[in-house]
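**Student:** The structure is given below, and queries will be raised subsequently.
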Amino acid sequence: MLNIIRADFYRIFRSKSIYIILILMLLIDISSIILDSSAMCIGVAYHNDSGIMMTSDANALTSNGNLYYFFTFVVVGILISDFTNKTIKNTLSSNCTRICYFLSKTFSVYIAATILFSAHNAFFYILNYFVNGSKHAMDAGEYAQIAILQMSVLFGMTGFMLMIGFLTKNGTAFNTLTLSLPLTYALILMFLYDYFPEIIENYLLKYEMHTTIGSLVYNSDHTYKLTVVTIYLSATVVLPILGYLNFRKSEIK
Amino acid sequence: MRDIIVKTEKLSKSYGKFKALDEVDMTVYQGDIYGLIGRNGAGKTTIMKIISGLAVKTEGVFEVFSKSGEASAEDKKRIGCLIENPAFFGNMTAYQNLKYYAIQKGIADKKQIDDALELVGLTNTGKKKYRQFSLGMKQRLGIALAVLDNPDLIILDEPINGLDPIGISELRETFKKLNSERGITIIISSHILSELYAVANRFLFIENGRVLKEITKEELEIACKRCIVVKTPDTKSAAVVLEETLGITDYSVVSSGELHIYEKKLSPEQLTKTLFENGVSISGVFENIVSLEDYFKSLVEVK
């Protein structure tokens, strides 16, 4: 299993895609910091709609939901590419069993996602600290704590992507389902809101990915945080297993 | 007695109502070059996919390295496969693709990659990406992957597709060398019967998912031998004439009205004259050469 994970990282770092993703993330981070600074006078923190003071890095934390799209690249690069190129048959036929393949790919995706998430948030914090100064940056420990909580949410969504990947074994179907999910989900909630406002607001919207990511930044309710982490960590484990249950008996074409 | 590397018993595979494999029995011994012969859709690839773990059987049993069912991870490392079209990452070179799989397999000695590429004649591809390869080059790389890490069993599904005649000849010699020098067991399928005949020592003829015949090369040679066919109601008298008058022992009585004579120096005219002179009544004498294709067709028609 470790060898398969090593091979995946060998291949990822051979391709241009990872570097494009990293550069893109850095550019977004840099422009976010610079634009925030220039728009609000350099180094000035601002308040959000609830009157809570928001530093640039806190603001960036609320936008971590957008990393969902970067994580789809991770799943595509590590897992889906094996299906679209049909290279999975080389691995399964003369290297490992299906359970080993499933575990290796799952761990590879989560490790890559952790590296990407950590690199993005660490870079943003450090850059903001240097550009805007310590007075306009969150406490490092608090920042890290929120980021770790948010990571559970994104891992849950990554678990969903892994499930879709192992279920569909097809790049087109995977992209269609995963890239359209956030928008489709929001549209469905908007449509259903008139009929079931309480259910939508207190359950579906409250624990929706983007809402949750944002809420974790300034919501100090421990019960809410515990519920979020429980839901999404369960998804992290359960959803890929559901994908595997289909994958283990399916024919590799 | 040689070890059995692969064995199937009543192996069946169905896709809904369609039966791709129907109670296939086959045995592959250590050191065999085992040829699977059949038309498109006969079930050759399905057998290979089940043995290599890419498809799940519906019924029956199979053993690989004397262990029932899909090979364990450790045993899979003893198998090299090229099933259907070769598959690699288009943005990587030949060396990089093999290195990826070498890392997966835990191969520490990177010289094995160079050896595999040299074996199939792909050492000079340099920085050329896989997506720029010709069909023949892709096929060669697939074979290089199959032989990487010196497996005990290689499964090759139509490996000579896309190769030119010289490439086919070189590959034939490579397979023979791998088999004779390293003792590797090879299961190979092909449409080109003559190529399979040139390299394999045992054959499985398959049609519509059913086994037509499992046969050794020696038996196939006899079946496909050039012979003179004699049709006579009196095979006993004809046999006596052959042995006592012509001194021929290389013949067989195929049925109550037919003999096949394999003696190369005998002509149909000479035989007819001798039988007639000795009072044997004959209804037909003709020369017959059974090609592999004819032999295969005869098997298909009989079933």
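The values are calculated or read from the model by the stated rules, or taken from the named source; none is laboratory data. Just so you know, these numbers come straight off a predicted model, no measurement behind them. Positions of Cβ are backbone-derived with ideal geometry, glycine not excepted, and every protein chain shown enters the neighbour counts.
**Student:** May I ask you to list the residues in the range B:223-257 that are at pLDDT below 90 and of a type in the set (Asp, Glu)?
**Tutor:** B:Asp250
**Student:** So which residues in the range B:125-177 are at positive phi and in contact with a Lys or Arg (Cβ under 9 Å, 6 or more places away or on another chain), if there are any at all? Even if it seems obvious, please write down each step before you answer.
**Tutor:** First, pick out the residues of the range B:125-177 that are at positive phi: B:126, B:149-150, B:158, B:162.
Matches in the range B:125-177: B:Asp149, B:Asn150, B:Glu158, B:Gly162.
**Student:** Is it the case that some residue within the range B:214-230 is of a type outside the set (A, V, I, L, M), touching a residue at least 60 places away in the same chain (Cβ under 8 Å), surrounded by fewer than 22 Cβ atoms within 10 Å (Cβ to Cβ) and within 14 Å of chain A (Cβ to nearest Cβ)?
**Tutor:** The answer is no; no qualifying residue exists.
**Student:** I'd like the residue in the range B:35-48 that is within 18 Å of A:Lys89 (Cβ to Cβ) and polar (S, T, N, Q) and, out of all such residues, is farthest from the chain's Cα centre (by Cα).
**Tutor:** Filtering first and then ranking leaves B:Thr46.
**Student:** Among the residues of the range A:140-153, is any among the acidic types (Asp, Glu), more than 30 Å from B:Asp157 (Cα to Cα) and not in a helix (DSSP H, G or I)? Before the answer, list the steps.
**Tutor:** Within the range A:140-153, the first condition is being among the acidic types (Asp, Glu), and the residues that meet it are A:142.
Cutting the leftovers down to more than 30 Å from B:Asp157 (Cα to Cα) gives us A:142.
Subsequent filtering for residues that are not in a helix (DSSP H, G or I) retains none.
No, the conditions are met nowhere in the range A:140-153.
**Student:** Being surrounded by fewer than 16 Cβ atoms within 10 Å (Cβ to Cβ), part of a helix (DSSP H, G or I), away from chain B (no Cβ under 14 Å) and touching a helix residue (DSSP H, G or I) at 6+ places or on another chain (Cβ under 8 Å) narrows it down to one of A:Ile213, A:Ile231, so name that one.
**Tutor:** Values: A:Ile213 fails: surrounded by fewer than 16 Cβ atoms within 10 Å (Cβ to Cβ).
Only one candidate qualifies: A:Ile231.
**Student:** Hey, among A:Phe174, A:Phe191, A:Phe247, which residue is closer than 21 Å to A:Leu67 by Cβ, of a type outside the set (Val, Ile, Thr) and at pLDDT 85 or above? Lay out the reasoning, then the answer.
**Tutor:** Numbers: A:Phe191 fails: closer than 21 Å to A:Leu67 by Cβ; A:Phe247 fails: closer than 21 Å to A:Leu67 by Cβ.
None of the others qualify; the one that does is A:Phe174.
**Student:** Just to be sure before I move on: is A:Tyr224 part of a helix (DSSP H, G or I), over 18 Å from the mean Cα position of the chain (by Cα) and surrounded by 14 or more Cβ atoms within 10 Å (Cβ to Cβ) in the structure I sent?
**Tutor:** Details: part of a helix (DSSP H, G or I): yes; over 18 Å from the mean Cα position of the chain (by Cα): yes; surrounded by 14 or more Cβ atoms within 10 Å (Cβ to Cβ): yes.
For A:Tyr224, the condition - part of a helix (DSSP H, G or I), over 18 Å from the mean Cα position of the chain (by Cα) and surrounded by 14 or more Cβ atoms within 10 Å (Cβ to Cβ) - is met.
**Student:** Here's another thing I want to ask about it. So which residues in the range B:60-93 are in a strand (DSSP E or B) and facing another protein chain (nearest Cβ under 10 Å), if there are any at all?
**Tutor:** Of the range B:60-93, the ones in a strand (DSSP E or B) are B:60-64, B:67-68, B:79-82, B:93.
Hits for the range B:60-93 are B:Ile79, B:Gly80, B:Cys81, B:Leu82, B:Thr93.
**Student:** Here's a follow-up. Being without any contact (Cβ under 8 Å) to a residue 40 or more places away in the chain and within 14 Å of chain A (Cβ to nearest Cβ) is the filter here, so list the residues in the range B:123-148 that pass it.
**Tutor:** Passing the criteria: B:Lys127, B:Lys129, B:Phe133.
**Student:** Restricting to the range B:263-303, and then to whatever is without any contact (Cβ under 8 Å) to a residue 40 or more places away in the chain, under 33 Å from the mean Cα position of the chain (by Cα) and surrounded by 14 or more Cβ atoms within 10 Å (Cβ to Cβ), can you tell me which residue is nearest to B:Tyr197 (Cα to Cα)?
**Tutor:** Filtering the range B:263-303 for residues that are without any contact (Cβ under 8 Å) to a residue 40 or more places away in the chain, under 33 Å from the mean Cα position of the chain (by Cα) and surrounded by 14 or more Cβ atoms within 10 Å (Cβ to Cβ), the one nearest to B:Tyr197 (Cα to Cα) comes out as B:Glu263.
**Student:** Inspect all residues belonging to the range A:99-119 and state whether any of them is within 20 Å of A:Phe71 (Cα to Cα), assigned to a helix (DSSP H, G or I) and of a type in the set (Lys, Arg).
**Tutor:** Start the filter on the range A:99-119 by keeping residues that are within 20 Å of A:Phe71 (Cα to Cα), which leaves A:101-119.
Next, from what is left, pick out any that are assigned to a helix (DSSP H, G or I): A:101-119.
Filter once more, keeping what is of a type in the set (Lys, Arg): A:105.
For the range A:99-119, residues within 20 Å of A:Phe71 (Cα to Cα), assigned to a helix (DSSP H, G or I) and of a type in the set (Lys, Arg): present.
**Student:** Inspect the range A:72-84 for any residue being touching a residue at least 24 places away in the same chain (Cβ under 8 Å), among the small types (Gly, Ala, Ser), away from chain B (no Cβ under 14 Å) and surrounded by fewer than 23 Cβ atoms within 10 Å (Cβ to Cβ) and give the result as yes or no.
**Tutor:** No.
**Student:** When the range A:124-150 is examined, which residues are found to be over 14 Å from the mean Cα position of the chain (by Cα) and either of a type in the set (Gly, Ala, Ser) or surrounded by fewer than 16 Cβ atoms within 10 Å (Cβ to Cβ) (or both)?
**Tutor:** A:Ile126, A:Phe130, A:Gly133, A:Ser134, A:Lys135, A:Ala137, A:Asp139, A:Ala140, A:Gly141, A:Glu142, A:Ala144, A:Gln145
**Student:** Right, here's the next one. So which of B:Glu84, B:Glu74 ends up being closer than 19 Å to A:Arg98 by Cβ, among the acidic types (Asp, Glu) and surrounded by fewer than 16 Cβ atoms within 10 Å (Cβ to Cβ)?
**Tutor:** Working: B:Glu84 fails: surrounded by fewer than 16 Cβ atoms within 10 Å (Cβ to Cβ).
From the options B:Glu84, B:Glu74, the qualifying one is B:Glu74.
**Student:** Another question, then. Please determine, by comparing only the residues of the range B:94-122 that are over 21 Å from A:Ser15 (Cα atoms) and part of a loop (DSSP other than H, G, I, E, B), which one is farthest from the other protein chains (Cβ to nearest Cβ).
**Tutor:** Ranking the qualifying residues of the range B:94-122, first place goes to B:Gly121.
**Student:** Looking only at the range B:16-34, decide whether some residue is free of Cβ contacts under 8 Å to residues at least 24 places away in the same chain and either within 11 Å of chain A (Cβ to nearest Cβ) or under 16 Å from the mean Cα position of the chain (by Cα) (or both). Give the derivation first.
**Tutor:** Of the range B:16-34, the ones free of Cβ contacts under 8 Å to residues at least 24 places away in the same chain are B:16-18.
Still in the running and either within 11 Å of chain A (Cβ to nearest Cβ) or under 16 Å from the mean Cα position of the chain (by Cα) (or both): none.
The answer is no; no qualifying residue exists.
**Student:** In the range B:35-59, how many are among the basic types (Lys, Arg) and either in a loop (DSSP other than H, G, I, E, B) or free of Cβ contacts under 8 Å to residues at least 12 places away in the same chain (or both)? Full working, then the answer.
**Tutor:** So in the range B:35-59, the residues among the basic types (Lys, Arg) come out as B:39, B:44, B:49, B:57.
Narrowing the set further to residues that are either in a loop (DSSP other than H, G, I, E, B) or free of Cβ contacts under 8 Å to residues at least 12 places away in the same chain (or both) leaves B:39, B:57.
Count: 2.
**Student:** Assess whether A:Leu239 counts as being surrounded by 15 or more Cβ atoms within 10 Å (Cβ to Cβ) and at pLDDT below 90. Even if it seems obvious, please write down each step before you answer.
**Tutor:** Values: surrounded by 15 or more Cβ atoms within 10 Å (Cβ to Cβ): yes; at pLDDT below 90: no.
Criteria not met by A:Leu239.
**Student:** Shifting gears a bit: Filter the range B:149-170 down to the residues that are hydrophobic (A, V, I, L, M, F, W, C) and in contact with an Asp or Glu (Cβ under 8 Å, 6 or more places away or on another chain), then identify the one that is nearest to the other protein chains (Cβ to nearest Cβ). Spell out the reasoning first.
**Tutor:** Initially, the range B:149-170 is screened for residues hydrophobic (A, V, I, L, M, F, W, C), giving B:153-156, B:160, B:163, B:166, B:168.
Cutting the leftovers down to in contact with an Asp or Glu (Cβ under 8 Å, 6 or more places away or on another chain) gives us B:160, B:168.
Working: B:Ile160: 19, B:Ile168: 23 Å.
In this case the residue turns out to be B:Ile160.
**Student:** Being part of a helix (DSSP H, G or I) and either more than 10 Å from every other protein chain (Cβ to nearest Cβ) or in contact (Cβ under 8 Å) with a residue 60 or more places away in the chain (or both) is the filter here, so list the residues in the range A:85-98 that pass it.
**Tutor:** Of the residues in the range A:85-98, the ones part of a helix (DSSP H, G or I) are A:88-94, A:98.
Matches in the range A:85-98: A:Ile88, A:Lys89, A:Thr91, A:Leu92, A:Arg98.
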